[in-house]
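One structure below.
The values are calculated or read from the model by the stated rules, or taken from the named source; none is laboratory data. Small disclaimer: the values here were computed from a predicted structure and weren't measured. Cβ coordinates were reconstructed from backbone atoms using ideal geometry, including for glycine residues, and neighbour counts include every protein chain displayed. Side chains are part of the model used for accessible areas, which takes the heavy atoms of the whole protein and leaves out ligands, DNA and RNA. Shrake-Rupley method; radii C 1.70, N 1.55, O 1.52, S 1.80 Å.
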Amino acid sequence: MPRPRQSALFALIAAALTLSGCADPAEPGASATEKSGAGKGDTPTTDVVSQVKKDEAAAKLLPEEVRKAGTLRIAAATGSPPGAFYEKDGTTLSGADIDFADAVARVLGIELKREVASFEAILPALGSGKYDLGTGNFGVTDVRRKTIDFVTYINDGQGFAVRDDSELKQVTDLTDLCGLNVATGAGTTFEVTLQENLPRCAEKGEKPYEVKTYADPTAVWLSLKQGRTDVNMSTINGLRYAVSQQDGVRFLNEYKRLDVGFAFKKGSPLTPAFQAAVNQLKKDGTYDRILTKWGTTESAIETSQISPPELKGPEPK
């Protein structure tokens, strides 16, 4: 995930990657921009937050000191549309994570003091008390639940993308990657999954795949497009959005679904209020409007949960 602020070079690279793609909106793989109604290369601008009203029942679940202060400190990882990213002006934050957090804050009647931070730094910082909560498409895993509490708001997960000229058709087991160079984000569940399964190629008598990690999502795509890596493992929503914005790459397939949530330090008293707020957004229709805006309606959940068990994916073959 990207560092706290995109450099001018990062912005130029990102602009260079924002090229036309094509997908049939009637198909499950239709691009996020087509589903949301925005043109390719354009950021959806529908206001889905400002009309959200405070819900007194949800707000009363906040600790008294938070209600009095009226603010919370939130860390946001950015750089991965449609989750959270900077607009072309380099200062305005957009994305589904931004809309969800801001909408929840309005339900609770509080203000979020947002600070951009690197993906890999946020979860440790919650434990130290630097932030009250964090966003960054954090998948709920059993390992993370040992030290972090989550309030779920979407269902995303793990998937793959390749260049158009790739002979790889799908990944149903990670041994399908044997002998390839795999790009992914540093400090992510994707890196953990890949490293844990790395020995299985040798067990099958095949050359292991090589894991290439990058802090900036744009660097992941550059490595793929320039042929330094063969496949990109990332979030399902992020991959679908990215391939709709650039030529020469395609979404391969989903691999494993994960619930995604707001992250808090273990035992945080904030989780019941945030759960109630997400469920209120579902009730008043804001929830669906946010998903529609960002073309991620397939990520809808039925109800928000606090730290549910990890959704299990494919069993190793």
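Can you compute the FRET efficiency between residue 282 and residue 192 using 1/(1 + (r/R0)^6), with r the Cβ-Cβ distance and R0 = 35 Å? Round to the nearest 0.05.
With a Förster radius of 35 Å, E is 0.70.
Across region 205-216, in residue order, what do the Karplus-derived ³J(HN,Hα) couplings come to in whole Hz, using 6.51 cos²θ - 1.76 cosθ + 1.60 with θ = phi - 60° and x for Gly and Pro?
Each residue's phi maps through the Karplus curve to give x, 10, 5, x, 6, 10, 9, 10, 9, 9, 6, 9 Hz.
Can you send over the carbon and sulfur percentage of the accessible area for the chain, probe radius 1.4 Å, protein chains only?
Reported share for carbon and sulfur atoms: 50 percent.
So what is the relative contact order of region 205-302, in percent, for Cα pairs below 8 Å that sit 6 or more residues apart?
Relative contact order, region 205-302: 12 percent.
Hey, can you grab everything whose amide H is under 5 Å from the amide H of residue 304? Only 5+ residues off in sequence or another chain; H modelled, so Pro and N-termini drop out.
279
Could you order peptides 299-310, 219-230, 184-195 by the average number of other Cβ atoms within 10 Å of their residues, highest first?
Descending mean neighbour count gives 184-195, 219-230, 299-310.
Subtracting the Cα-Cα distance from 0.36 nm times the residue separation, let me have the gained length for residue 266 to residue 207 in nm, one decimal.
Computed gain between residue 266 and residue 207 is 17.2 nm.
Averaging sequence separations of C-alpha pairs under 8 Å and six or more residues apart, then dividing by the length of the chain, give the relative contact order as a whole percent.
It rounds to 29 percent for the chain.
Please build a GNM for the chain, connecting alpha carbons under 10 Å apart, and tell me which residue among 64, 111, 87 fluctuates the most.
So, out of 64, 111, 87, the one fluctuating most is 64.
Using Cα atoms only, what is the angle between the long axis of helix 119-128 and the major principal axis of the chain, expressed in degrees (0 to 90) to the nearest 10?
40
Go ahead and collect, in residue order, the members of region 75-100 whose backbone nitrogen is under 17 Å from a label point 7 Å along the Cα-Cβ direction of residue 113.
Label zone hits: 75-76.
Across region 75-82, in residue order, what do the Karplus-derived ³J(HN,Hα) couplings come to in whole Hz, using 6.51 cos²θ - 1.76 cosθ + 1.60 with θ = phi - 60° and x for Gly and Pro?
Whole-Hz 3J(HN,Hα) from phi for region 75-82: 9, 10, 7, 10, x, 10, x, x.
If R₀ is 25 angstrom, what is the calculated FRET efficiency for the pair residue 300 and residue 46, using the beta carbon separation as r and rounding to 0.05?
The value I calculate is 0.90.
Kindly write out, for region 94-103 in residue order, the coupling ³J(HN,Hα) from the Karplus curve 6.51 cos²θ - 1.76 cosθ + 1.60 (θ = phi - 60°), rounded to whole Hz, with x marking Gly and Pro.
Result, ordered by residue: 9, x, 5, 4, 5, 5, 4, 5, 5, 5 Hz.
If you take the square roots of the eigenvalues of the alpha-carbon gyration tensor of the chain and sort them as a ≥ b ≥ c, do you get rounded (a/c under 1.5), prolate (a/b over b/c) or oblate?
It comes out prolate by the Cα gyration axes.
Per residue of the chain, what 222 nm ellipticity follows from adding -39500 (n - 2.57) for every DSSP H run with n ≥ 4, rounded to the nearest 500?
Rounded to the nearest 500, the figure is -8500 deg cm²/dmol.
For the chain, with every protein chain kept in place, what is the accessible area per residue (1.4 Å probe, Å²)?
44
Could you give the distance between the Cα centres of region 243-317 and region 117-176, to the whole Å?
Cα centres, region 243-317 to region 117-176: 11 Å.
So who's got an amide H within less than 5 Å of the one on residue 111, skipping anything under 5 residues away but keeping other chains? H placed 1.01 Å off N, in plane.
Hits under the 5 Å cutoff: 71, 72.
Taking amide H atoms as placed 1.01 Å from N in the peptide plane, list the residues 5 or more away in sequence, or in a different chain, whose amide H sits under 5 Å from that of residue 258.
Residues meeting the criterion, in which the H sits 1.01 Å from N, are 156, 157, 158.
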